[in-house]
Amino acid sequence: MDLFLQQSANAVALGGIYALLALGLAVVFSIMGLINFAHGELMTISGYVLMYCGIAAVPFPLAVILAIGAAILAAIAMERIAFRPVRGSSGATLLVTSFAIAMILQMLFQNLISARSQPVLLPAILSESVTIFGLIIGVNKIAAIISTIVMLIFLDWFMTKQKTGIAMRAAAEDFSIARLMGIHANTVIAGAFALSGLLAGVAAVLWVSQRASVDPLMGFTPVLKAFIAAILGGLGSLKGAVAGGFLLAFIEVYLSAFLPHGMQEFREPIGLAIVVLVLLFRPNGLLPAKTLAAEKV
Amino acid sequence: MTSLIELKSVSVSYDAVNAVRGIDLSIKDGEIVALLGANGAGKSSTLNAIVGLAPVSAGKIIFDGTDITDFSSETLAPLGLTLSPEGRRVFATLSVEDNLMLGAYSVKDKAQIKAAYERVYELFPILFERKQQYGGTLSGGQQQMLALGRALMCSPRLLLLDEPSLGLAPIIVEQIFELIALLRQQGVTIILVEQNVSMALNIADRGYVMASGKIVAHGDAASLSDSTTLENAYLGAE
């Protein structure tokens, strides 16, 4: 039972990171119809900012703010430089563009920084652990859980109470009519990218604080997982992204904890088979977006 | 009196299809003008072209002395020009109140927004009762009221109405037309696209009849109701 609860806590911490990343993908997809595979590179940028801040002995809270800020700026720049010129093109064009950006950034990291994994200096407290109700939980995991909750509350407030957030939801539902109201396409799309950058930045800080290292391909695996989570939850649906992120993390963590030793190498295929099974019964995901059929720009 | 809006040989093409072929329209301040014609005559394309939702391939659109032909959709609401689209297209996943709030998105003046809410809630008390409800959960008639209310939130000088009675029960249709008459009293200029020809001509000052992307007749509402041009336009006779 203890092991089960322990693993559940781990799953919640991991699920939070997947949920934040899947949300970042969903925010952009719901408005532009684009799966941004360069989302992972936003994470990597945040990771390198944390690394350089560690080397320069910048206080950790400031380093976190700088890292998240860098991801936001990078996301806005990505939209302005790469995606705006191809806006309104077919989904395939947008997808290939996002792959190209991901590749270019990975090459830049490899050639300008290092192809190898670099250590990131973190405050000692992050690697300690505390005992809560008999469960031993790492401080970094608690930080992940709390940050996720704060981010989800913030996002909910932004999307339901803020004029810009409401305009983004309207644009996701019917872009032409939203523009007719005087909502600028550029504002909404840049806003969606900024939001996805914020989510990627927070996810990156949480991801790095559990690994204490960064490499040029750091963002690839988590974003691939987030993509699966977003599909599992229902592409373009924000609630679905959160549900999918947590479900995927629970599947992964439980399989790695409870699958017999001899079966461990089949962990990933079994996990993905469960995802396929869910999609067989709910082809549009767990909580599909009502606006999936809406026209994208 | 000069025209509030003027279309000068405007054409609209979607790839190879010419939906509108060089039409001229001129509407004065305070008028209600009906745009009539069979399905596919180019009425909706004309309205969409005015608000920048359909591509203008030739011609000029002048609104209140400004050439707005190449203006993008989002710049028109601040000028006082908006469209209540065909099929209502309310934001189904947003509350009634948020739908209205977005209608006033381009308005900066807080007092003006407050006045707009009051005006819309006075015209449609049902929207006030349902203001927390999602747009998608309203009935068809209520959604049409929401679409109209949302368009009125930017206090437009020229309101384009695309089939406001489409798919509604007769009693609701009458309510919508009463409202259009009320809006005229409030000084809103209206271009009305309608399938319900007799009601449209009853309320309108003038009418234009379109067929195959061209204007085939125009004149006073009364003279149009009497003439055979309308029948010909609908039945496809030349």
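Tabulated results
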read-out	value
Test: residue in region A:200-213 that is under 18 Å from B:Glu74 (Cβ atoms) and open to solvent by 10 Å² or more (accessible area, probe 1.4 Å)	no
Matching helices (runs of 4 or more DSSP H) fully within region A:1-89 where at least 3 residues are under 19 Å from A:Leu232 (Cβ atoms)	A:2-32
Restricting region A:111-168 to residues that are open to solvent by less than 30 Å² (accessible area, probe 1.4 Å) and touching a Phe, Trp or Tyr at 6+ places or on another chain (Cβ under 7 Å), the residue that is nearest to A:Phe60 (Cα to Cα)	A:Gly165
Residue count for region A:161-178, restricted to those that are facing chain B (nearest Cβ under 7 Å) and not in a helix (DSSP H, G or I)	1
Some residue of region A:37-55 being buried (at least 21 other Cβ atoms within 10 Å of the Cβ), at pLDDT below 95 and not acidic (Asp, Glu)	yes
Residues satisfying the stated conditions in region B:15-39, i.e. touching a Ser or Thr at 6+ places or on another chain (Cβ under 8 Å) and without any contact (Cβ under 8 Å) to a residue 60 or more places away in the chain	B:Ser26
Region B:64-96 - residue that is surrounded by 18 or more Cβ atoms within 10 Å (Cβ to Cβ) and part of a helix (DSSP H, G or I) and, of those, farthest from the other protein chains (Cβ to nearest Cβ)	B:Val96
Any hit, region B:19-33, residues being more than 14 Å from chain A (Cβ to nearest Cβ), under 22 Å from B:Arg150 (Cα atoms), out of contact with any Cys (no Cβ under 7 Å at 6 or more places or on another chain) and of a type in the set (Asp, Glu)	yes
Residue in region A:184-198 that is facing chain B (nearest Cβ under 10 Å), of a type in the set (Gly, Ala, Ser) and outside any helix (DSSP H, G or I) present	no
Any hit, region B:108-128, residues being more than 15 Å from the chain's Cα centre (by Cα) and within 12 Å of chain A (Cβ to nearest Cβ)	yes
Residues of region B:142-169 satisfying the condition of being open to solvent by less than 10 Å² (accessible area, probe 1.4 Å) and assigned to a helix (DSSP H, G or I)	B:Gln144, B:Leu146, B:Ala147, B:Leu148, B:Gly149, B:Arg150, B:Ala151, B:Leu152
Unmet criterion (only one of (1) open to solvent by 30 Å² or more (accessible area, probe 1.4 Å); (2) touching a helix residue (DSSP H, G or I) at 6+ places or on another chain (Cβ under 9 Å); (3) closer than 25 Å to A:Gly234 by Cα) for A:Phe99	(2)
Residue that is among the basic types (Lys, Arg), open to solvent by 20 Å² or more (accessible area, probe 1.4 Å) and farther than 16 Å from B:Leu123 by Cβ, where the choices are B:Arg206, B:Arg184	B:Arg206
Given (1) closer than 30 Å to A:Pro123 by Cβ; (2) polar (S, T, N, Q); (3) not in a helix (DSSP H, G or I), number of the condition A:Ser209 does not satisfy	(3)
Residue within region A:63-73 that is surrounded by fewer than 22 Cβ atoms within 10 Å (Cβ to Cβ) and free of Cβ contacts under 8 Å to residues at least 24 places away in the same chain present	yes
Selection status of B:Glu163, in contact (Cβ under 8 Å) with a residue 60 or more places away in the chain, away from chain A (no Cβ under 14 Å) and of a type in the set (D, E, K, R)	yes
Residue within region A:230-242 that is open to solvent by 50 Å² or more (accessible area, probe 1.4 Å), away from chain B (no Cβ under 14 Å), among the hydrophobic types (A, V, I, L, M, F, W, C) and assigned to a helix (DSSP H, G or I) present	yes
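The values are calculated or read from the model by the stated rules, or taken from the named source; none is laboratory data. Since this is a predicted model, take the numbers as computed values, not measurements. Virtual Cβ from ideal backbone geometry, glycine too; neighbours counted across all protein chains shown. With ligands, DNA and RNA removed, areas are computed over all heavy atoms of the protein, side chains included. Shrake-Rupley method; radii C 1.70, N 1.55, O 1.52, S 1.80 Å.
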